[in-house]
Structure formats: structure tokens, C-alpha cells
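I have placed the structure first, in the form of C-alpha cells, so that the comments after it can refer back to it.
Bear in mind these aren't lab numbers, they're just calculated from the coordinates by the rules spelled out. Fair warning: this is a prediction, and the values are worked out from it, not measured in the lab. Cβ placement follows ideal geometry from the backbone for every residue including glycine, while neighbour counts extend to all protein chains displayed.
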There are 2 protein chains.
Amino acid sequence: MFEQITILAPGLLGASLAAAVKDRQLCDKLVIWARRTETRVACAEKSWCDHVTASLPEAVGEADLVVVCSPVETIHPLVESIASHLQDGALVTDVGSTKSLIVRNCHTVMPKGRQFVGSHPMAGSEKSGLAHARADLFGGKTCFVTPLVDSNEQAVETILKFWRALDMEVATVSPERHDEIVAHISHLPHVLASVLCSFLSTKDPGWRNFAGNGLRDTTRVAAGNPDIWKSIFEQNREEIARAISQFENELQSLKSAITNGQTFDILNHLERGKAYREYLRPAGKMNAGEQT
Amino acid sequence: MFEQITILAPGLLGASLAAAVKDRQLCDKLVIWARRTETRVACAEKSWCDHVTASLPEAVGEADLVVVCSPVETIHPLVESIASHLQDGALVTDVGSTKSLIVRNCHTVMPKGRQFVGSHPMAGSEKSGLAHARADLFGGKTCFVTPLVDSNEQAVETILKFWRALDMEVATVSPERHDEIVAHISHLPHVLASVLCSFLSTKDPGWRNFAGNGLRDTTRVAAGNPDIWKSIFEQNREEIARAISQFENELQSLKSAITNGQTFDILNHLERGKAYREYLRPAGKMNAGEQT
């Protein structure tokens, strides 16, 4: 599919992607760029790594596809640094959890003949880092691809094919729509899990001994990396704040029903919630006829 | 341990308890009372069921221990119905998720020589009903036992032994303290999962196709039975409303930090949340030296 793919800043996602790409033989040569020496040493030992370097020009100079896997706040700076070193026809994408800021900034810095198309494979984990990398991280999961109106159609098509070749279910939406969607289905759940945990940490520490599976599952994502999530919250702050405000209204409404003993209203909340939860697709399965 | 144990109203918990009790030979005879014919027919076919009846006096007349497994709002009415049919020395307990109202009401209706001691094994599931029963539902989980100041000490001791014989980790607390604890670690997480789902159900239905594991785990409990949870919310409404209000303050504080770009405050929430989540005991493990 490609002669050379270069992955910048491999953590959990980048290293998993490298392993998956080589598993499926999507390129002849896989090159890794990493800032930290220990990451480069770890990558050099992997069977999926053909070459590893600390030099950005060397890493991207002959790449057909560059995938930027760094935390969201460093994606635009990295893309700006590599822009002038890209060969003609090179494609650049990323795996960032927010898209509006990243896509507009990266699109702007691309020289003629080079294309940036934003991506967001929803395949994270509360674990981070190279050590947890798995080639099967992507299969069956959603990948957003977020072209702009003036994105190159051929470039978008190639990026779509790339993620589909990893068995991902690809959805094409605008960067703004993407940020609205993930604010609701990913960032808001993370906010609630984190706030529930930070709230409970103010209570009797002995209570955590009584935790059942409900609390454990509800709060799993709160174990995620605070630096990564801080940047996501900052990059998508308007959509997240709006989603929180609407959630607060719904919570206020159930609290009032509980306080006032309004049985019908309590049941209504619980039944709507149950119906939604049961209609949520199971892991790795998209409902028939709804692929975007 | 007992000659006869009678289980009233077997659903997921009652049937799992019956299977576990017979597995561990905690009684010679296990009797089931169920209101619905189809439940009685299903129970009669189980190896753990020695006798099944629709008559409360027949069910409890020769029982050493009666375990009431009905939804919380019917525990007190059922205990009131059986009170005059209990033999001298009989013990009654329950598995209700709320305790203050139930324990005080049930304690009051016990005739001389019969004892009620409240219990709450934290071993539910979002699945309900006999069909999902499992003898291993209880091992390693927390069971609250909630005596009153004037509860019979021998009776309390026997109930503690009973749950420990099922490999549960038993915590003795007052009914009021129990309701405060579970409002925070069980009922509030359920409220948040349900409200998140009922809120998301007001949005584009296509979004559910993009759900990742984070949303799925965070909302799993929202698939629970609405009738059961409606009653829990009603029986523990003061503690739940108080926990929601305090949670709202914490959420408001993070929202404000996100809106105003206060990086340090955002990180502080995320880091406190992560620390709490990582200190939460894993499934089935109590931290050393903290058994109550």
C-alpha cells in the first residue's frame, strides 16, 4: 500500500499502529521518530521497526505517509516542523482525540503537493505507553476521518483506505462535528468518571474497600493519563463545557424528581437510560446500515 | 450450620444465594417462596431447591433463617406478613440495597424470640432474574451487616458467620452509615450512568455507533432494572440527593476550570481522580488490614 510509513512519537497508539501496519504488510519500510532516547532504544528492538531516528528531516524525508501520534497539543508544532522536509505527494495524518484546531492549523502549514488529513482512531485505553502496545488495538473500532471542504479528495480516499485496511470502521465527518460528537460520547464520560473519583477522594478512604463492580467499571477511564486528558479538555473546551452544562440540567432534573418523590419522573429517567444503554453497539460491532 | 433456610422472592440474588448455600452445605433443607407460578416452576427444577411453595406460613414455619430477597419496597411488607409464623429463635435477614427504613421497620415488627438483622451483599449485576443466577456471585465481594444498638448480639454474630461462610468480606456498620456509604459508592455512580445515557438519548442516534469501551464501561450499570433502582432512589433519597449536590459542586468546579483554561486546576482534578481510581481495590480483593 505504501513504500514508507513514518510514525512520529510512538506511545500506546503509535506503537500499536506500527505493529498492526507491519502485521498487515501495509508498507515496505516502517520508520520511527522519537524524542526520547529510551523510546528509540525500545523501538529499535521491535520486529516492526525498520529504522529509528531522532532526526525529523531524516524520519519524514522519504515517507509516503506520516502518522503523528503525539499528545494533541504537540501535533500542530510537529507537523509545522516536518512540513518543509516532506517529499512531493506525501500524506500526513494524526491520531489526536480533538480535531478542529489541529486540522485547521496543520492544513494551513502544508506546502503545495503535500496533504494533511486528520484522523481519530477511537482505540485508546486507560493504559498509555509503548509497553502496552498491541497490534489488535484497532480492529472493529471506530476511526473518524475529518476532511475540510478543500481537502484533496485523493488524499482523503487514501487515508480512508489506510484505516479500513486495519479493520477499522471509518466515519467521515467535519472536524467541528467530530469535536461535538466526542465531547458527548468520550470527553463527557471521562469528565464524569474523573469528577466522581476526585469527589470520592474527599470522603472516608475506607469506603473504597466496599467498591463493587459498578463503581469500578463506571470509573475505569479516570485512571487515564492526566496530561493527555488535560490537553484534550483544553483543545475541545467549548464543546465539552456545553456538553457538561446540558448534562447538569438532566442531572438536576433527576435530583429534583428524587427529592420530591416523583416516581414517574424517576422511572422515566431510568427507562430512557436503560433503552439507550441497551441500544449502544457492543464492542467491535457497528449496527447494520449505519456506517457513515 | 442451619437445619432449614428459606429464601423469599428469588431473583438474581435469591437464586444465586440458594445455589451458593447448597454448594457449601450451609443447611439441610432449602425452601423457596415465590409469588409467581412461573418462578415456582423454574425453582422446582433446580437441584438446590428442596421445597417450593406459594404459602408464606408454610415457607417460614420451620425455618431457622429466612432471607428476604425481594425489591427494597416490599421487604418490610413481606417481613410483616411472616412475623407471626416464625418459630422461636428464627432469624430473618434481607439483601436490600438500602437499610435505614428497612431495618427500623422490620426490627419493630419482630415478635419476642425472633430477630431481624439487615444485610446488603454488594453482589448485584445489571442483569436481573433467576436465569442469570450463579453460585459464585458472592465470593470476595463486600457484605454489609447493619445491626441496631439494641440488636441481639448472638443473632448478629450468626448473620456475620453466614455471609463469611459464602466467602464474603463482611463490614458491620449502622443502617444510617450504610445508606450514606452506598449513596456515594453505588447509588451516585448509578445516577450518573443513567443520566449520561438519558442525556445522550436526546442526541443524534447515529452517535451510539461511535461508542468506545470508555462509554460502554462508564454506562454499564444504566442497563439495570428501572423498577428496582427507582425504589432504591426513593428509599435512600436524602443521602442520594446530598451526594448528587456535592458531586454537582465538584463538576461545576472542573467545568469552570475548563471554560477558563485553568490548566493547573484541570490537572488537579484529573490527578486526584486517577489517584483515587488506582487506589480502588481490584475486584474481589480487600486491602490488607482494612477489613471492618
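Things to note:
- Listed by chain and number, the aspartates and glutamates whose alpha-carbon sits under 12 Å from that of A:K161, ignoring those within fewer than 8 places in the same chain, are A:E169.
- Calculated on the Cα set of the range A:178-279, radius of gyration then Dmax: 15.4, 42 Å.
- Centre separation in Å (Cα based) which lies between the range B:116-147 and the range A:218-241: 34
- With the label put 7 angstrom out from Cα along the Cα-to-Cβ vector, B:T263 ends up 5.4 nm from the copy partners, going from closest to farthest.
- Charge context of B:D150, other residues only, Cβ under 14 angstrom, K/R +1, D/E -1: +1
- Between the beta carbons of A:A54 and B:R242, assuming R0 = 45 Å, the FRET efficiency works out to 0.25 to the nearest 0.05.
- Helical mean residue ellipticity (222 nm; -39500 (n - 2.57) per DSSP H run of 4+; nearest 500) of chain B: -14500 deg cm²/dmol
- Amide H within-cut-off set for B:C27, under 5 Å, with H built and near neighbours excluded: B:F2
- FRET efficiency, 1/(1 + (r/R0)^6) with R0 51 Å, evaluated for A:K29 and B:R36 via beta carbons: 0.15
- Taking Cα atoms only, the orientation of helix A:237-259 departs from the longest principal axis of chain A by about 20 degrees.
- The range A:2-174 shape via C-alpha gyration tensor axes, a/c threshold 1.5: rounded
- Sites count as exposed loop sites when they are trypsin sites (Lys or Arg not before Pro), lie in a DSSP loop, and have at most 10 other Cβ atoms within 10 angstrom; the longest stretch of chain A without one is A:113-284.
- Under the Karplus curve 6.51 cos²θ - 1.76 cosθ + 1.60, θ = phi - 60°, whole-Hz ³J(HN,Hα) for the range B:271-277, x wherever Gly or Pro sits: 6, 5, x, 5, 4, 5, 4
- Cα-based shape type of the range A:33-101, given that a ≥ b ≥ c are square roots of the gyration tensor eigenvalues and the cut on a/c is 1.5: oblate
- Computed E for B:K161/B:N105 - FRET, C-beta separation, R0 30 angstrom, nearest 0.05: 0.75
- Listed cross-link partners A:K22/A:K99; A:K99/A:K230; B:K46/B:K127 are compared with a 25 Å cut-off, the Cα-Cα value being larger for A:K22/A:K99.
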